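Before any comments, here is the structure.
The values are calculated or read from the model by the stated rules, or taken from the named source; none is laboratory data. Just so we're clear, the structure is a prediction, and the values are computed from it rather than from any experiment. Backbone-built Cβ (ideal geometry, glycine too); neighbour counts: all protein chains shown.
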Amino acid sequence: MDIAFIQERLDLAFRTYVAGLLDLLPGLIGGMLVLLLGWLIAKLLRLVVVRVAGRTLDPMAARSGMDQVIGKFGGLTFGILLGGLVYWLTMLVFLLAASDVMGLRIISTAIGAAFAYLPTLVTATAILLFGSWGADKVNKLVSQLTTSAGLSGGRIVSKALAGLIVVFTVITALNVAGIDTSLITANIQIIIAGLLLAFAISYGAASRTILTNILSSYYGKERFKPGMRIRIGEDEGLIERIDSISFTLRKEDREVMLPTSLLISERIEVLEMPDEKEPT
């Protein structure tokens, strides 16, 4: 084995590596200096934007309710969110410049692609924020209207509407961002259809008794009149009135309200007709 030849090749490889490193060293130093300068400028810009926005934009966001929506993302404020956006945009610009100084074309290409996608990402984020803000407004508005109207279940309806708005907002934002949502949309349609079917079935089952009483009242009023004394089961008394879902039976010491479905489903004994009552 030729030891001298091996030593010569190792020496040549080492000198080639050192020469290449020395050639890259100015670019590396220049790139690191550019990154350091960019980091300082980005921090300064973020500080300025956060302070200015804290005096101008944050109060406007608080009045419009946007601060509550932004606060859901880690307790951020509008100024902090805007300052973070400015910070990372500045860092991307200086990172692109540093990669050009270092001769790293792959990184430059990747950052260029990120800059090209940035408007799409900002648009999708804005749609998501404004959709969440709109859902929150709809939730509060519907809840207030139903509460003032005295309707029960208003909070459930308002939250359901807000949830639907958030779902469709997320789907729209994902579509704008270039993400295929066909599978998500199909699954959501199936879920909504199932919920509507379950609601219809439960509502129909719950209202069956009320509908039975309404129909019984319609047919029962033809045969039973106020002032008629009847016996139905263990209850005996005068019929005071008959409404759409119940009738009132006046006994000696109290009044009893019974469902009108009993007028057509139970055995009723007529004890005295209104015209048979003796005048007092």
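General remarks:
- Here Asp67 clears all of (1) acidic (Asp, Glu); (2) under 20 Å from Phe130 (Cβ atoms); (3) modelled with pLDDT of 75 or more except the condition numbered (3).
- Scan of region 232-245 for residues that are surrounded by fewer than 16 Cβ atoms within 10 Å (Cβ to Cβ) and either among the acidic types (Asp, Glu) or touching a helix residue (DSSP H, G or I) at 6+ places or on another chain (Cβ under 9 Å) (or both), ordered by number: Gly233, Glu234, Asp235, Glu236, Glu240, Asp243, Ser244
- Inside region 58-76, residues that are over 19 Å from Ile127 (Cβ atoms) and either touching a strand residue (DSSP E or B) at 6+ places or on another chain (Cβ under 9 Å) or touching a residue at least 24 places away in the same chain (Cβ under 8 Å) (or both) make up a count of 0.
- Per the listing Gly31, Gly83, the residue uniquely in contact with a Leu (Cβ under 9 Å, 6 or more places away or on another chain), buried (at least 18 other Cβ atoms within 10 Å of the Cβ), closer than 30 Å to Lys140 by Cα and not charged (D, E, K, R) is Gly83.
- Of all residues making up region 158-196, the number that are of a type in the set (Ser, Thr, Tyr) and not in a helix (DSSP H, G or I): 1
- Every condition in (1) under 28 Å from the mean Cα position of the chain (by Cα); (2) in a helix (DSSP H, G or I); (3) of a type outside the set (Val, Ile, Thr) holds for Leu76 except the one numbered (2).
- Considering residues of region 89-116 that are free of Cβ contacts under 8 Å to residues at least 60 places away in the same chain and among the hydroxyl-bearing types (Ser, Thr, Tyr) only, the residue surrounded by the most Cβ atoms within 10 Å (Cβ to Cβ): Thr90
- Hey, Val50 surrounded by 15 or more Cβ atoms within 10 Å (Cβ to Cβ) and aliphatic (A, V, I, L, M) or not: yes
- From Leu85, Leu76, residue being at pLDDT 75 or above and not acidic (Asp, Glu): Leu85
- Residue under evaluation Leu145, criteria (1) of a type in the set (A, V, I, L, M); (2) farther than 26 Å from Gly178 by Cα; (3) in contact (Cβ under 8 Å) with a residue 12 or more places away in the chain, criterion not met: (3)
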